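Below: the structure, in structure tokens.
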Amino acid sequence: MDPLLWRWLDFTRKISTPNLFNSISQAGRFCFRLHNKKMSRRPGNPARRLADGGSLPFAGSMHSKSRSSPLLSIGLVVVGAILLIGYCYSGSGGHISNREALSKTEGGVSCTLEVQRAIPILKKAYGDSMRKVLHVGPDTCSAVSSLLKEEDTEAWGVEPYDLDDVSANCKSLVRKGLVRVADIKFPLPYRPKSFSLVIVSDALDYLSPKYLNKTLPELARVAADGLVVFSGAPGQQRVKVTELSKFGRPAKFRTSTWWIRYFVQTGLQENESALKKFEQAALKKSYKPACQVFHLQSYD
């Protein structure tokens with residue numbers, strides 16, 4: 001490979017936002033050297049020799065084009081460098097988490113992401129009950145971050161599994177005590193009715209009936225005004241690359257009929273008022289949830 005081309009590949013790899021000006025300057029010098037090298041390899045041009053002798057009327061314009069070629073190349077390099085840096089920046093600093101990207105590429109459904117989409121609808125349905133929210137489920141840092149952006153809303157999160165690829169924002173939430181890792185198969189470290197609303201997503205689908213019988217009543221115990229369950233529907237796909245190693249078992253998607261019957265058996269009643277408001281707000285905003293959403297009353 002041409003040494004200059006090899007240096008160009010190495011240069012593009014090292015481009016970063018802080019040294020953009022220096023990188024562009026290096027690109028200009030590189031392009032100018034590459035152009036001169038190629039020009040030196042070209043065979044002699046008889047027309048050019050005639051121009052040197054003064055017998056060709058357009059010699060001046062031809063010479064001008066030759067000199068402007070490096071400037072044009074430099075301009076193209078600058079544009080390319082800016083586009084490349086923008087692409088790298090968007091890939092490293094965007095709002096989409098690794099788990100979200102993986103979910104989208106594999107065609108999976110994340111109910112935790114669905115919670116974030118549904119926040120405006122939930123606020124319409126629950127009003128003041130959204131002032132103190134607990135989210136329980138994988139990737140709770142992203143859900144808590146979205147909830148905290150809402151006015152007059154405090155939010156906490158419980159991550160049922162180990163935190164992977166923790167972002168700086170997630171580390172900050174953990175340090176502040178807003179997010180904690182806890183096994184939801186055991187009692188939650190909160191007093192009864194500690195939160196006005198509890199939202200759970202992507203967590204109950206991985207529990208066997210044995211642990212589901214313990215976890216669901218526990219979630220209702222710490223809720224004062226209601227419990228919202230986001231659950232996958234039969235036929236949906238989930239991210240499978242780390243599913244078994246992370247969650248211990250594949251997700252089991254149950255029908256709405258199964259869930260309703262189970263809620264009745266555990267003494268949980270449907271929150272009809274919240275359900276009606278949720279459906280009305282969803283209709284106005286043309287919102288169609290990708291997951292099953294159940295609205296339950298808390299224990300008296």
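The values are calculated or read from the model by the stated rules, or taken from the named source; none is laboratory data. Just so it is clear, the structure is predicted and the values come from calculations on it, not from any experiment. As a convention, Cβ positions derive from the backbone with ideal geometry for all residues, glycine included, and neighbour counts pool all protein chains shown.
Taking V179, is it modelled with pLDDT of 95 or more, of a type in the set (A, V, I, L, M, F, W, C) and within 27 Å of R254 (Cβ to Cβ)?
Values: modelled with pLDDT of 95 or more: yes; of a type in the set (A, V, I, L, M, F, W, C): yes; within 27 Å of R254 (Cβ to Cβ): no.
So V179 fails the test.
Quick one: what pairs do we get from the stretch 289-300, first residue hydroxyl-bearing (S, T, Y), second assigned to a loop (DSSP other than H, G, I, E, B), C-beta under 7 Å, 6+ apart or different chains?
S298/A224; S298/D225; S298/G226
Out of G157, G137, G177, report the one residue that is touching an Asp or Glu at 6+ places or on another chain (Cβ under 6 Å), small (G, A, S) and over 22 Å from E279 (Cβ atoms). Show your work before the answer.
Working: G157 fails: touching an Asp or Glu at 6+ places or on another chain (Cβ under 6 Å); G177 fails: touching an Asp or Glu at 6+ places or on another chain (Cβ under 6 Å).
Every option except G137 fails the conditions.
Quick check on this structure: which one of Y161, Y190 is modelled with pLDDT of 95 or more, in the same structural domain as V229 (by TED's automatic domain parsing) and of a type in the set (S, T, Y)?
Numbers: Y161 fails: modelled with pLDDT of 95 or more.
Every option except Y190 fails the conditions.
If you take the residues in the stretch 264-274 that are assigned to a helix (DSSP H, G or I) and without any contact (Cβ under 8 Å) to a residue 40 or more places away in the chain, which one is surrounded by the most Cβ atoms within 10 Å (Cβ to Cβ)? Before the answer, list the steps.
First pass over the stretch 264-274, keeping only residues assigned to a helix (DSSP H, G or I): 264-265, 272-274.
This time we only want the ones that are without any contact (Cβ under 8 Å) to a residue 40 or more places away in the chain, so: 264-265, 272-273.
Working: V264: 11, Q265: 9, E272: 10, S273: 13.
Checked the stretch 264-274; the qualifying residue surrounded by the most Cβ atoms within 10 Å (Cβ to Cβ) is S273.
One residue is enough: does the stretch 235-244 have a residue meeting the conditions modelled with pLDDT under 85, assigned to a loop (DSSP other than H, G, I, E, B) and small (G, A, S)?
We begin by selecting, within the stretch 235-244, every residue modelled with pLDDT under 85; these are 235-244.
From the residues that got through so far, the ones that are assigned to a loop (DSSP other than H, G, I, E, B) too are 235-242.
Restricting the remaining residues to those that are small (G, A, S) gives 235.
So far as the stretch 235-244 goes, yes, one or more of its residues are modelled with pLDDT under 85, assigned to a loop (DSSP other than H, G, I, E, B) and small (G, A, S).
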